[in-house]
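Asker: The structure follows.
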Amino acid sequence: MFNNRYVRTIVYSRVLLHLGIWIRNYAVLLYVTGLTDNNPVYVSLISVAEFAPIFLFALIGGTFADRWQPKRTMVGSDVLSGLSVGVVLFAVINGGWAALLIGSFVSASLSQFSQPSAMKLYKRHVPAEQLQRVMAMYQTIVALFTVLGPVIGTFIFLKFGIRVSLILTAMLFLGSALVLSTLPQDKKEENNGKGSSFISELTAGLRYIGANAALKTLSMTFAAVGFASGLTQPLQIFLVMEKLGKTKEFLQWLVMINGTAMLIGGAAIIFIAKKLKPQLLLMYGLAVTALCTASLGASTWIGLTVPLLIVSGLFYPAIQSGIQTMLVGNTEGAYMGRVSGAIMPVFMGMMVIGMFLSGYLKNAISLAGVYALSGTLILAGALLLLPLSRISKG
């Protein structure tokens, strides 16, 4: 795969970009909590600044990504992200810490233009037989930074402070842009958005999803799995305290175990992905995750909880790799940005709804009941994919 110049370059740039994002996120979190004496309102605003752009700009960014040239869009987004961090640094030096939230919002918004463009380049330049392995490798990078990102970000902030953290973030963003600039110039497409309005292109993308059976099914699976994930996301701390009888600090070890398993699973998927259709990979991953999720809610023995977290972590990359491969494989290049921009917010939106309801459901049906419901929804998402099991297309 690394003989492919596009794969190699995009992976290198994503490593720099993810490292910058983790350093920035933890610098902002620790700096703001320190200044506001752990004020939960400001802490929640940090999450809003990081996740709100997915709802606000994913479809808009995806539509523009289809209209613009992908290399130019990605380089421009990374450059603007780096410059925005520089502006934030200037504001922080002058005492305007609230600019940190604005900077996080701007950078996350620009990502909604960059990410679909990366998918377009994969669609154009990665052979179909390598696509699933490339997606698995990308998820391995995400898993790697899930494990190491918090450690690196916290260390840099505690050792050097907010200013050095922001300078490093800006340098990493600009470094990503520099790496991407080495790619060949974009080839002009016949349908590059000229002659049609933005709104007409956006609605055409939605109609395209509605007419594509695989993408419609994937959207419904996303909705079910996103809602299920949201139900359990805020309740992990209660698993530690109520089910295992441990202190809340013990949660970090469980998260690290799960993240390490994700990293190993992602590496394994790179080698086995070409042997399985993406829809089967996704179905198996969801089925195992459903069983593990329901079992975690019932487990009161750490000797069972830890293996369940390891197994679910090992299979999580199968889910992400299967989803991304199906998304790219079943979408024409001209619609790549809009499809990605329309489907990804479905997962995030349903996850937020699940997070909002999780506390109420815990009080109504118990912690184990919520985890059982989450497992059932994940299994339902897997069953929705059954009609696609005969589709040979990625």
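Asker: Being within 20 Å of the chain's Cα centre (by Cα), touching a residue at least 40 places away in the same chain (Cβ under 8 Å) and more than 22 Å from Ser321 (Cβ to Cβ) is the requirement here; does Pro278 meet it?
Answerer: The answer is no for Pro278.
Asker: Next question. If I ask for residues that are over 19 Å from Gly265 (Cα atoms) and open to solvent by less than 50 Å² (accessible area, probe 1.4 Å), which ones from the range 297-325 would you list? Working first, answer last.
Answerer: Within the range 297-325, the subset over 19 Å from Gly265 (Cα atoms) is 297-304.
Residues satisfying the conditions are Gly297, Ser299, Gly303.
Asker: Related question: Going by what's in this entry, would Leu131 be described as farther than 26 Å from Gly161 by Cα and either of a type in the set (A, V, I, L, M) or open to solvent by less than 40 Å² (accessible area, probe 1.4 Å) (or both)? Can you show your working first?
Answerer: On the way: farther than 26 Å from Gly161 by Cα: yes; either of a type in the set (A, V, I, L, M) or open to solvent by less than 40 Å² (accessible area, probe 1.4 Å) (or both): yes.
For Leu131, the condition - farther than 26 Å from Gly161 by Cα and either of a type in the set (A, V, I, L, M) or open to solvent by less than 40 Å² (accessible area, probe 1.4 Å) (or both) - is met.
Asker: With respect to the numbered conditions (1) touching a Phe, Trp or Tyr at 6+ places or on another chain (Cβ under 8 Å); (2) farther than 18 Å from Leu235 by Cβ; (3) open to solvent by 10 Å² or more (accessible area, probe 1.4 Å), which one is the sole condition not fulfilled by Gly337?
Answerer: So the condition that Gly337 fails would be (3).
Asker: For Thr293, state whether it is out of contact with any Pro (no Cβ under 9 Å at 6 or more places or on another chain), in contact (Cβ under 8 Å) with a residue 24 or more places away in the chain and open to solvent by less than 70 Å² (accessible area, probe 1.4 Å). Spell out the reasoning first.
Answerer: Values: out of contact with any Pro (no Cβ under 9 Å at 6 or more places or on another chain): yes; in contact (Cβ under 8 Å) with a residue 24 or more places away in the chain: yes; open to solvent by less than 70 Å² (accessible area, probe 1.4 Å): yes.
Yes, satisfied.
Asker: Looking at this structure, is Met348 open to solvent by 60 Å² or more (accessible area, probe 1.4 Å), in a helix (DSSP H, G or I) and at pLDDT below 85?
Answerer: On the way: open to solvent by 60 Å² or more (accessible area, probe 1.4 Å): no; in a helix (DSSP H, G or I): yes; at pLDDT below 85: yes.
Criteria not met by Met348.
Asker: Something else now. When residues of the range 238-273 are filtered for being under 16 Å from Pro307 (Cα atoms) and either touching a Gly at 6+ places or on another chain (Cβ under 9 Å) or basic (Lys, Arg) (or both), how many remain?
Answerer: Qualifying residue count, the range 238-273: 11.
Asker: Filter the range 96-110 for residues that are hydrophobic (A, V, I, L, M, F, W, C) and assigned to a helix (DSSP H, G or I); which is surrounded by the fewest Cβ atoms within 10 Å (Cβ to Cβ)? Please lay out each step first, then the result.
Answerer: Taking the range 96-110 and keeping what is hydrophobic (A, V, I, L, M, F, W, C), we get 97-102, 105-106, 108, 110.
Subset that is assigned to a helix (DSSP H, G or I): 99-102, 105-106, 108, 110.
Working: Ala99: 18, Leu100: 26, Leu101: 18, Ile102: 15, Phe105: 21, Val106: 19, Ala108: 20, Leu110: 23.
The selected residue is Ile102.
Asker: Still on this structure, I have one more. If you scan the range 247-262, which residues turn out to be touching a residue at least 40 places away in the same chain (Cβ under 8 Å) and open to solvent by less than 50 Å² (accessible area, probe 1.4 Å)?
Answerer: Correct list: Leu254, Asn258, Gly259, Ala261, Met262.
Asker: Go over the candidates Ser107, Ser111, Ser77 one by one and state the one that is closer than 30 Å to Ala268 by Cβ, under 19 Å from the mean Cα position of the chain (by Cα) and at pLDDT 85 or above.
Answerer: Going through Ser107, Ser111, Ser77 in turn, the sole match is Ser111.
Asker: Which ones in the range 221-267 are hydrophobic (A, V, I, L, M, F, W, C) and touching a Pro at 6+ places or on another chain (Cβ under 8 Å)?
Answerer: Answer for the range 221-267, where residues must be hydrophobic (A, V, I, L, M, F, W, C) and touching a Pro at 6+ places or on another chain (Cβ under 8 Å): just Met262.
Asker: In the range 114-128, which residues are open to solvent by 30 Å² or more (accessible area, probe 1.4 Å) and at pLDDT 80 or above?
Answerer: Gln115, Lys123, Arg124, His125, Pro127
Asker: State the number of residues belonging to the range 2-50 that are surrounded by 15 or more Cβ atoms within 10 Å (Cβ to Cβ) and in contact (Cβ under 8 Å) with a residue 60 or more places away in the chain.
Answerer: Residues that pass the stated criteria total 26.
The values are calculated or read from the model by the stated rules, or taken from the named source; none is laboratory data. Please read all numbers here as calculations on a predicted model, not as lab measurements. Cβ coordinates were reconstructed from backbone atoms using ideal geometry, including for glycine residues, and neighbour counts include every protein chain displayed. Ligands, DNA and RNA are stripped out before the accessible areas are found, and what is left, the full protein with its side chains, is counted by its heavy atoms. Shrake-Rupley method; radii C 1.70, N 1.55, O 1.52, S 1.80 Å.
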